[in-house]
Amino acid sequence: MNRTVYNLAFYMVLPLIVLRLLWRALFLPAPEYARRWGERLGFVDKARAGRQERRWIWVHAASVGESVAISPLVKRLRRLNPQWGIVVTTMTPTGSERVRELFGDDICHVYAPYDYRGAVTRFLRAFKPAMVILVETELWPNLVHYSKRSGAAIMVANARLSEKSFRGYEKFSALGKPMLQQIDLIAAQTADDAERFRKLGVPDTALRVTGSMKFDIGLPADLQARVDEMRLRLAQADRPIWVAASTREGEDEKVLLAFELIRRSIPDALLVLVPRHPERFNSAARIFESAGYEVVRRSEDTSVRAETAVFLGDSMGELPVYMSLAQLAFVGGSLVNTGCQNVLEPAALGLAVITGPSQYNFQAICEQLQERGALLTVRDETALAEQVIRLLQDRTAREEMGLAGKQAIAANQGALDRVYDLVLEHLPSV
């Protein structure tokens, strides 16, 4: 009955979802949101990928962060088990673009079906997956129910459940608990995550604590060549450089206020600004240009001059390059309440890492990095400016934080091996 109500509610809001796609396509603007709607409704053509595998593994990663986190597992599965076809689904155009960059034509990629019965069952009829791997928090009642009903094994990899999400599941337990009990295996990032799932009724037999695969981070093989090329664009290699990575809506204004304070103490400081979503590139540039700063964009054929204050990273997949050019990184999504973005990328590159107080997406990881002295949490933009000034002026402190971050990552690696072994345990023979 609860899922019936859920389905009715989903059908009622579906027109609003379509209108939202149109709004994002027309007014952000993000034209990709106006394309490939059939996939979102479950109409997919696996033949377009040029693949004829008899059996499929479905991996669902909502957006960019989840796609990057699961990519080592997908690549290993494809390399060591070529008899299996792998379809990776995302919800956003940025996630779709990242999947193509990560895997090329080696896997099949489509948008995930919306979580109403017709879309999900059409998708399942097209691929008939033997196993469904959901990444982190991507739990949808119909997706789980009809996948289980089709005979697929269901696993949640890199699973996390914040205290906030736990309270939400408790509030809607009549729908959430039956869904969780249909999942064959939850590979939790931490013991705390596993305990929250246990309190929601997931049996011990379906729980494993594997750690986070995000610690098994791999840097691009051609990173140094790309960094050297980008350094020529900056042409100001001796300037103090800091990066504001993956900033979210409402956060660029806060970064601007911090930047103005930083420039008073370090007038030649260069900010590399990388908004989280492509549709915000233009608005982020306008915020700094309106304040009188010269902004050079990655997409322009222009080099940074002495007068340039901001280099806008308006590209996808180049964040490690931008970070490699900086002395320290502020990780966005944390001065606004969106839970922080990936703090492990700058740590893996040996950078001092700063975040704001909103960290629920990476709470355990932020705590581990902070305990080791690799990460600083600041309360607001004023405190951000104070720490950026201090670290840009103190090379020893920066290097100590960077070394601590690399050591923390090395100490926590191994989740990829553990999750891969669990996948093989639950994967039926072809």
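The values are calculated or read from the model by the stated rules, or taken from the named source; none is laboratory data. This structure is a prediction, so every number in the text was calculated from the model and none was measured. Here the Cβ is made from the backbone with ideal geometry for all residues, glycine too, and neighbour counts use every protein chain on show. Note: accessible area is taken over every heavy atom of the protein model, side chains too, but ligands, DNA and RNA are not part of it. Shrake-Rupley method; radii C 1.70, N 1.55, O 1.52, S 1.80 Å.
So if I check each of Gly118, Gly104, which one is open to solvent by 20 Å² or more (accessible area, probe 1.4 Å) and either within 19 Å of Ala187 (Cα to Cα) or of a type in the set (Gly, Ala, Ser) (or both)?
Values: Gly118 fails: open to solvent by 20 Å² or more (accessible area, probe 1.4 Å).
Checking each option against the conditions leaves just Gly104.
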task = Quick one: count up the residues across the stretch 338-361 that are open to solvent by 10 Å² or more (accessible area, probe 1.4 Å), in a helix (DSSP H, G or I) and touching a Leu at 6+ places or on another chain (Cβ under 8 Å).
result = 2
ask   = Out of (1) in a helix (DSSP H, G or I); (2) closer than 24 Å to Gly402 by Cα; (3) open to solvent by less than 30 Å² (accessible area, probe 1.4 Å), what's the single condition that is false for Ser246?
value = (1)
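Conditions tested, residue by residue: (1) modelled with pLDDT under 85; (2) over 20 Å from the mean Cα position of the chain (by Cα).
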site	(1), (2)
Ala25	no, yes
Tyr33	no, no
Lys46	yes, yes
Arg117	no, yes
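Does Ala285 satisfy being open to solvent by less than 40 Å² (accessible area, probe 1.4 Å) and under 20 Å from the mean Cα position of the chain (by Cα)? Steps first, answer last, please.
Values: open to solvent by less than 40 Å² (accessible area, probe 1.4 Å): yes; under 20 Å from the mean Cα position of the chain (by Cα): no.
Spelling it out, it is not the case that Ala285 is open to solvent by less than 40 Å² (accessible area, probe 1.4 Å) and under 20 Å from the mean Cα position of the chain (by Cα).
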key: Glu425 vs. criteria part of a helix (DSSP H, G or I), free of Cβ contacts under 8 Å to residues at least 24 places away in the same chain and open to solvent by 50 Å² or more (accessible area, probe 1.4 Å)   = yes
remark   = Subset of the stretch 390-417, residues within 21 Å of the chain's Cα centre (by Cα) and either open to solvent by 50 Å² or more (accessible area, probe 1.4 Å) or over 19 Å from Phe215 (Cα atoms) (or both), comes to Lys406, Ala410, Gln413, Asp417
message = Looking at (1) assigned to a loop (DSSP other than H, G, I, E, B); (2) over 13 Å from His60 (Cα atoms); (3) open to solvent by 30 Å² or more (accessible area, probe 1.4 Å), which one does Thr137 not meet, given that it meets all the others?
response = (2)
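With Leu375, Leu335, Leu384 as the choices, which residue is within 27 Å of Val209 (Cβ to Cβ), surrounded by 24 or more Cβ atoms within 10 Å (Cβ to Cβ) and in contact with a strand residue (DSSP E or B) (Cβ under 9 Å, 6 or more places away or on another chain)? Step through it out loud before you land on a result.
Numbers: Leu335 fails: within 27 Å of Val209 (Cβ to Cβ); Leu384 fails: within 27 Å of Val209 (Cβ to Cβ).
From the options Leu375, Leu335, Leu384, the qualifying one is Leu375.
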